[in-house]
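S.K.: For reference, the structure I am asking about is given below.
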Amino acid sequence: MTQMNASALQDNLSNPQKTYLWDVIIPNPIGGGDADTLMLRCQSTNRPGRSVGKILLPYKQSAGVSYPGKLTYSHTWDCTFVEGEDKATWNIIYSWMQKVIHDKTNIGTGDILIKSDIYIKLLGTAGAETLKIRLVGCYPESTPDIPLSYDDEGNVMHPVTWSYDRWEEA
């Protein structure tokens with residue numbers, strides 16, 4: 001059970017979770033590709049949220065009573081990958097999206113064959129895992145246009161929006 005008192009909070013104020021200590025692990029990219037490539041190239045992401053709806057029961061002239069409703073997720077999750085001249089990120093995501101719906105045949109492989117679980121690991125300053133989240137049933141939903149410009153000396157960044165069924169602490 002988590003300690004929720006002032007001394008426990010004070011003891012942990014010296015080592016808060018850092019926003020830069022995390023890994024995204026895609027152990028089984030559908031369509032092929034190296035999972036380590038995606039992990040090392042993932043530059044930004046977010047921890048997924050969830051919400052609980054409410055059921056409001058009005059009673060006579062009162063404000064009523066609120067009860068918890070159903071659990072909801074956004075069912076989308078974003079990552080941004082840096083691309084190399086080897087176009088490894090492009091190859092992995094494009095191959096996976098081709099399995100979802102092929103751009104020439106307009107036929108998909110099927111629900112069970114396009115989804116894979118993805119893990120988000122938060123790490124402590126000593127490198128130990130502090131939290132592991134499993135996104136269940138993921139597939140790449142969309143990739144936006146990627147801006148290219150003569151004005152900038154930046155890197156090509158490859159944003160991906162993923163669809164998922166649910167998430168849980170792993």
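The values are calculated or read from the model by the stated rules, or taken from the named source; none is laboratory data. Note that the structure is predicted; figures quoted are calculated from it, not measured. Neighbour counts run over all protein chains shown; Cβ positions are idealised from the backbone, glycine included.
S.K.: Considering only residues of the stretch 22-34 that are exposed (fewer than 15 other Cβ atoms within 10 Å of the Cβ) and not charged (D, E, K, R), which is nearest to Arg134 (Cα to Cα)?
M.R.: First, the residues of the stretch 22-34 that are exposed (fewer than 15 other Cβ atoms within 10 Å of the Cβ): 27-28, 32, 34.
From what's left, not charged (D, E, K, R): 27-28, 32.
Values: Pro27: 11, Asn28: 13, Gly32: 20 Å.
If we take residues in the stretch 22-34 being exposed (fewer than 15 other Cβ atoms within 10 Å of the Cβ) and not charged (D, E, K, R), then Pro27 is nearest to Arg134 (Cα to Cα).
S.K.: Considering only the stretch 85-92, I want to know if a residue exists there that is under 15 Å from Thr161 (Cα atoms), exposed (fewer than 14 other Cβ atoms within 10 Å of the Cβ), at pLDDT below 95 and among the charged types (D, E, K, R).
M.R.: Kept after step one, since they are under 15 Å from Thr161 (Cα atoms), are these residues of the stretch 85-92: 89-90, 92.
Now restrict to residues that are exposed (fewer than 14 other Cβ atoms within 10 Å of the Cβ): none.
The answer is no; no qualifying residue exists.
S.K.: For the stretch 89-170, which strands (runs of 3 or more DSSP E) that fit wholly inside it have 2 or more residues that are in contact (Cβ under 8 Å) with a residue 12 or more places away in the chain and small (Gly, Ala, Ser)? Even if it seems obvious, please write down each step before you answer.
M.R.: On the way: elements: 116-123, 129-142, 157-163, 166-169.
Qualifying strands (runs of 3 or more DSSP E): 129-142.
S.K.: Does Tyr119 qualify as being aromatic (Phe, Trp, Tyr) and modelled with pLDDT under 95?
M.R.: Details: aromatic (Phe, Trp, Tyr): yes; modelled with pLDDT under 95: no.
No; evaluated as a whole, the condition is false for this residue.
S.K.: Then there's this: Restricting attention to the stretch 34-43, report how many residues are under 16 Å from Cys138 (Cα atoms) and out of contact with any Cys (no Cβ under 9 Å at 6 or more places or on another chain).
M.R.: Of the residues in the stretch 34-43, 2 are under 16 Å from Cys138 (Cα atoms) and out of contact with any Cys (no Cβ under 9 Å at 6 or more places or on another chain).
S.K.: If you take the residues in the stretch 138-162 that are among the small types (Gly, Ala, Ser) and at pLDDT below 95, which one is farthest from Trp22 (Cα to Cα)? Step through it out loud before you land on a result.
M.R.: To start, the set of residues in the stretch 138-162 that are among the small types (Gly, Ala, Ser) comprises 142, 149, 154.
Keeping just the survivors that are at pLDDT below 95 gives 149, 154.
On the way: Ser149: 30, Gly154: 23 Å.
In this case the residue turns out to be Ser149.
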